[in-house]
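S.K.: Got a structure for you, questions after.
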Amino acid sequence: MGTVAAIGSRTAVCGLALAGVDVRVAEDPDAVRRAWHGLPGTAAIVILTAEAAEALGTAATAPAPSRPLTVVMPP
C-alpha cells in the first residue's frame, strides 16, 4: 500500500502529521521542487498547498501512471 505525503508551508501542512501523513515543509518554490523530487517511491497520494502546486506547475502534477495522485488544498 502506498503512503500519503504533503508539501507546503509549515502552518498549512504540519497538522496532517497527526493523521500519519509524511509532511514535507517547503516555504519557497525551490524547497517545494526539492521536496517533490525527494518523495519516496511509495508515495501514492500527495497533498499540495496552492502555493506548492503553483511552484511545481502542471507538468509535475498532471496525472500520469508514473506519478502519485496529487490533490491541491484550497487557498
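S.K.: Just the residues that are under 11 Å from Val46 (Cα atoms) and either in contact with a Gly (Cβ under 7 Å, 6 or more places away or on another chain) or crowded, with 17+ Cβ neighbours inside 10 Å (or both), please, taken from segment 1-21.
M.R.: Let us first name the residues in segment 1-21 that are under 11 Å from Val46 (Cα atoms), namely 2-8, 21.
Matches in segment 1-21: Val4, Ala5, Ala6, Ile7, Gly8, Val21.
S.K.: Going through segment 39-57 one residue at a time, which ones are open to solvent by less than 40 Å² (accessible area, probe 1.4 Å) and not in a strand (DSSP E or B)? It would help to see each step written out before you state the result.
M.R.: First, pick out the residues of segment 39-57 that are open to solvent by less than 40 Å² (accessible area, probe 1.4 Å): 39, 43, 46-50, 52-53, 55-57.
Leu39, Thr49, Ala50, Ala52, Ala53, Ala55, Leu56, Gly57, listed by residue number.
S.K.: A further question follows. Please list, ordered by first then second residue, the pairs with beta carbon atoms under 6 Å, 6 or more apart or interchain, first in segment 1-17 and farther than 13 Å from Pro75 by Cα and in contact (Cβ under 8 Å) with a residue 60 or more places away in the chain, second open to solvent by less than 40 Å² (accessible area, probe 1.4 Å) and in a strand (DSSP E or B).
M.R.: Ala5/Ala43; Ala5/Val46
S.K.: For segment 22-31, indicate whether the set of residues that are touching a helix residue (DSSP H, G or I) at 6+ places or on another chain (Cβ under 7 Å), assigned to a loop (DSSP other than H, G, I, E, B) and among the aliphatic types (A, V, I, L, M) is non-empty.
M.R.: Yes, the conditions are met somewhere in segment 22-31.
S.K.: Which of the following residues is modelled with pLDDT of 95 or more, surrounded by fewer than 16 Cβ atoms within 10 Å (Cβ to Cβ), closer than 11 Å to Ile7 by Cα and out of contact with any Cys (no Cβ under 9 Å at 6 or more places or on another chain): Arg34, Arg24?
M.R.: Arg34
The values are calculated or read from the model by the stated rules, or taken from the named source; none is laboratory data. Since this is a predicted model, take the numbers as computed values, not measurements. Note that we place each Cβ from the backbone using ideal geometry, even for glycine, and neighbour counts take in every protein chain shown. All accessible areas refer to the heavy atoms of the entire protein, side chains included, with ligands and DNA or RNA removed. Shrake-Rupley method; radii C 1.70, N 1.55, O 1.52, S 1.80 Å.
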